[in-house]
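There's a structure below that I have some questions on.
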Amino acid sequence: MDGKAFKKAVDTLSKEKGIDEEIIYDAMELALTSAYKKNYHSLSNVRVDINRETGDIKIFSFKTVVFNEEWEKEEGKYETEIITDEEGNEEEIEKEFYFDPRIHITLEEAKKIVPDIQIGETIEEEVTPKDFGRVAAATAKQVVVQKIREAERKLINEEFADKQDEMVVGLVSMEDVRNYYIDLGRTQGVLPKSEIIPGETIKMGSSIKVYITKVENDSKGPLILLSRKHYGFVKRLFELEIPEINEGIILVYSVARDAGNRTKIAVYSENANVDPVGACIGEKGSRINRIIEELNGEKIDVVPYDSDPARFIEHALSPAKDLHIFVTDEKKKEALVIVNKNNLSLAIGKKGSNVKLAARLTHFTLDIKTTEEAKELGISIVE
């Protein structure tokens, strides 16, 4: 392999993919060492050196300097080795020494090459094969591909590490029986079909807003799970469409959602001059209608949060009216709601959806009774 061409390739890869040059060189040296051992039936006493300035690759075989060949033949001759146990404790042991001319060289022979060499040091000899360029080229390709994948995984991990619970925009790129796959730029996210809004149609190639529910990292890169059904998706839509929420003028207290049916969102402002509900709805419903359109026609109740639990529960049970709220246990967050027959169905909602959403929104357990049922319990309500 031509050194200049190799160095140029490393420089280009480093700049384009943001990989440190030294990481590439180190990986190449390790890979080429293994390739040399495999292709040339070498022992472990070899090292590969890549010149950082020229890109030239050389293979060196090294031998350890020992006493002499006769030394190991003498009875009782050992060499010392330090071993480390599982707890990190070091222990010096002696083991029988065997002279191997492939990995050892006597002190006498070594001094002929390096006069001041000492026992225990190593002496090297270049053994680069003439046809090693072919092996190096194939190995380099594998290392480059691996490093590109690792670098891309790292960049993706860094990009999406803090994106959980955020909304992003992607393109619908693929579909299988269970999932849609959303192109998010550097990677794909998985949108399970169970996490789309009931009744909506997802078109291939279309742009789509999605909420990131989970980011998991593994050896293959991040697994990004998406949803359009999650209540957090509605919260992010409000932040996008209502400038006052994005700016912190209006605050979202809580969101409760029955995807495809109805969402309740409680908002408030610490500025007495701001109408949080009106700002969210917009002139002639302009703001809220954009959110409803994104949610495929899902109904949205924007209710004012109130620090008084009874008043907050009353707002949360909208559109029901003429309610009487009794907080029976504030610590356990339990409340009794008394409603007349005309508003009973509105308070409960279809299949109990309204009261369930109100309970989730307020974090209270709500027990709904009619005025007649309340009288049986000894509670008299004056209409």
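Show me the strands (runs of 3 or more DSSP E) found entirely inside segment 157-220 where at least 3 residues are within 21 Å of residue 298 (Cα to Cα). Break it down into steps so the answer makes sense when it comes.
Working: elements: 167-175, 179-183, 188-192, 207-218.
In segment 157-220, 167-175, 207-218 are the strands (runs of 3 or more DSSP E) which contain 3 or more residues that are within 21 Å of residue 298 (Cα to Cα).
Looking at segment 215-228, which of the residues that are at pLDDT 95 or above and not hydrophobic (A, V, I, L, M, F, W, C) is surrounded by the most Cβ atoms within 10 Å (Cβ to Cβ)?
First pass over segment 215-228, keeping only residues at pLDDT 95 or above: 226-228.
Next, from what is left, pick out any that are not hydrophobic (A, V, I, L, M, F, W, C): 227-228.
Working: 227: 21, 228: 24.
Checking each candidate, the answer is 228.
Somewhere in segment 260-269, is a residue of a type outside the set (Ser, Thr, Tyr), without any contact (Cβ under 8 Å) to a residue 24 or more places away in the chain and part of a loop (DSSP other than H, G, I, E, B)?
Initially, segment 260-269 is screened for residues of a type outside the set (Ser, Thr, Tyr), giving 260-262, 264-267.
The next check asks that each one be without any contact (Cβ under 8 Å) to a residue 24 or more places away in the chain; those that pass are none.
For segment 260-269, residues of a type outside the set (Ser, Thr, Tyr), without any contact (Cβ under 8 Å) to a residue 24 or more places away in the chain and part of a loop (DSSP other than H, G, I, E, B): absent.
Just give me the residues in segment 143-160 being surrounded by fewer than 13 Cβ atoms within 10 Å (Cβ to Cβ) and modelled with pLDDT of 75 or more, in sequence order. Quick ask: steps written out before the conclusion?
In the first step, residues of segment 143-160 are kept if they are surrounded by fewer than 13 Cβ atoms within 10 Å (Cβ to Cβ); the result is 145-146, 158.
145, 146, listed by residue number.
Further question: When residues of segment 71-121 are filtered for being modelled with pLDDT under 70, of a type in the set (Lys, Arg) and either in a loop (DSSP other than H, G, I, E, B) or not assigned by TED's automatic domain parsing to the domain that holds residue 59 (or both), how many remain?
1
Right, here's the next one. Residues in segment 161-178 that are surrounded by 13 or more Cβ atoms within 10 Å (Cβ to Cβ) and either without any contact (Cβ under 8 Å) to a residue 12 or more places away in the chain or touching an Asp or Glu at 6+ places or on another chain (Cβ under 9 Å) (or both): how many?
5
Restricting to segment 240-259, name every residue that is in contact (Cβ under 8 Å) with a residue 40 or more places away in the chain and under 22 Å from residue 169 (Cα atoms).
Correct list: 240, 241, 242, 255, 257, 259.
Something else: Is it true that some residue in segment 305-318 is in contact with a His (Cβ under 6 Å, 6 or more places away or on another chain) and crowded, with 19+ Cβ neighbours inside 10 Å? Give the derivation first.
Here is the first cut: in segment 305-318, the ones in contact with a His (Cβ under 6 Å, 6 or more places away or on another chain) are none.
No, every residue in segment 305-318 fails to be in contact with a His (Cβ under 6 Å, 6 or more places away or on another chain) and crowded, with 19+ Cβ neighbours inside 10 Å.
Take the residues in segment 122-141 that are surrounded by 14 or more Cβ atoms within 10 Å (Cβ to Cβ) and not hydrophobic (A, V, I, L, M, F, W, C); name whichever of them is modelled with the lowest pLDDT.
133
Identify the single condition in (1) closer than 19 Å to residue 297 by Cα; (2) modelled with pLDDT of 95 or more; (3) not assigned by TED's automatic domain parsing to the domain that holds residue 276 that residue 234 does not satisfy, given that it satisfies every other one.
(3)
Would you confirm, using the coordinates I've provided, whether residue 159 is in contact with a Lys or Arg (Cβ under 9 Å, 6 or more places away or on another chain) and within 22 Å of residue 23 (Cα to Cα)? Walk me through how you get there before you give the answer.
Numbers: in contact with a Lys or Arg (Cβ under 9 Å, 6 or more places away or on another chain): yes; within 22 Å of residue 23 (Cα to Cα): yes.
Considered against the rule, which asks whether it is in contact with a Lys or Arg (Cβ under 9 Å, 6 or more places away or on another chain) and within 22 Å of residue 23 (Cα to Cα), residue 159 comes out as yes.
Turning to a different aspect of this structure: Sort out which residues of segment 3-29 are over 30 Å from the mean Cα position of the chain (by Cα) and closer than 30 Å to residue 105 by Cα, and write them in order of number. Let's see the steps before the verdict.
The first filter runs over segment 3-29 and keeps only residues over 30 Å from the mean Cα position of the chain (by Cα), leaving 3-9, 29.
Across segment 3-29, the qualifying residue is only 29.
Further, regarding this structure: Just give me the residues in segment 335-376 being touching a Gly at 6+ places or on another chain (Cβ under 9 Å) and crowded, with 18+ Cβ neighbours inside 10 Å, in sequence order. Explain how you work it out, then say what you get.
To start, the set of residues in segment 335-376 that are touching a Gly at 6+ places or on another chain (Cβ under 9 Å) comprises 355-358.
Matches in segment 335-376: 355, 357, 358.
Here's another thing I want to ask about it. What number of residues within segment 187-214 satisfy the criterion of being of a type outside the set (Val, Ile, Thr), out of contact with any strand residue (DSSP E or B) (no Cβ under 8 Å at 6 or more places or on another chain), exposed (fewer than 14 other Cβ atoms within 10 Å of the Cβ) and on the phi < 0 side of the Ramachandran plot? Explain how you work it out, then say what you get.
We begin by selecting, within segment 187-214, every residue of a type outside the set (Val, Ile, Thr); these are 188-189, 191-195, 198-200, 203-207, 209, 211, 214.
From the residues that got through so far, the ones that are out of contact with any strand residue (DSSP E or B) (no Cβ under 8 Å at 6 or more places or on another chain) too are 194, 198-200.
Still in the list and also exposed (fewer than 14 other Cβ atoms within 10 Å of the Cβ): 194, 198-199.
Then keep just the ones that are on the phi < 0 side of the Ramachandran plot; that gives 194, 198.
Count: 2.
Answer yes or no: is there a residue in segment 131-146 that is in contact (Cβ under 8 Å) with a residue 24 or more places away in the chain, closer than 30 Å to residue 213 by Cα and outside the structural domain of residue 236 (by TED's automatic domain parsing).
yes
Here's a follow-up. What number of residues in segment 19-55 are touching a helix residue (DSSP H, G or I) at 6+ places or on another chain (Cβ under 9 Å), hydroxyl-bearing (Ser, Thr, Tyr) and either not in a loop (DSSP other than H, G, I, E, B) or not assigned by TED's automatic domain parsing to the domain that holds residue 149 (or both)?
4
Any residue in segment 362-381 that is under 38 Å from the mean Cα position of the chain (by Cα) and within 24 Å of residue 239 (Cα to Cα)?
Yes, that holds for at least one residue.
Return yes or no: is residue 315 touching a Pro at 6+ places or on another chain (Cβ under 7 Å) and either within 18 Å of residue 367 (Cα to Cα) or at pLDDT 95 or above (or both)?
Values: touching a Pro at 6+ places or on another chain (Cβ under 7 Å): yes; either within 18 Å of residue 367 (Cα to Cα) or at pLDDT 95 or above (or both): yes.
Yes.
Now, a different point. Residues of segment 248-259 being assigned to a loop (DSSP other than H, G, I, E, B) and either among the aliphatic types (A, V, I, L, M) or not assigned by TED's automatic domain parsing to the domain that holds residue 295 (or both), which ones?
Applying the first criterion (assigned to a loop (DSSP other than H, G, I, E, B)) to segment 248-259 yields 248-250, 259.
Those that are assigned to a loop (DSSP other than H, G, I, E, B) and either among the aliphatic types (A, V, I, L, M) or not assigned by TED's automatic domain parsing to the domain that holds residue 295 (or both): 249, 250, 259.
If residue 379 satisfies every condition in (1) in contact (Cβ under 8 Å) with a residue 40 or more places away in the chain; (2) crowded, with 16+ Cβ neighbours inside 10 Å but one, which is the exception?
So residue 379 meets the others, but not (2).
The values are calculated or read from the model by the stated rules, or taken from the named source; none is laboratory data. None of the values given here were measured: they were computed from a predicted structure. Neighbour counts are summed over all protein chains in view; Cβ atoms, including those assigned to glycine, are modelled from backbone coordinates with ideal geometry.
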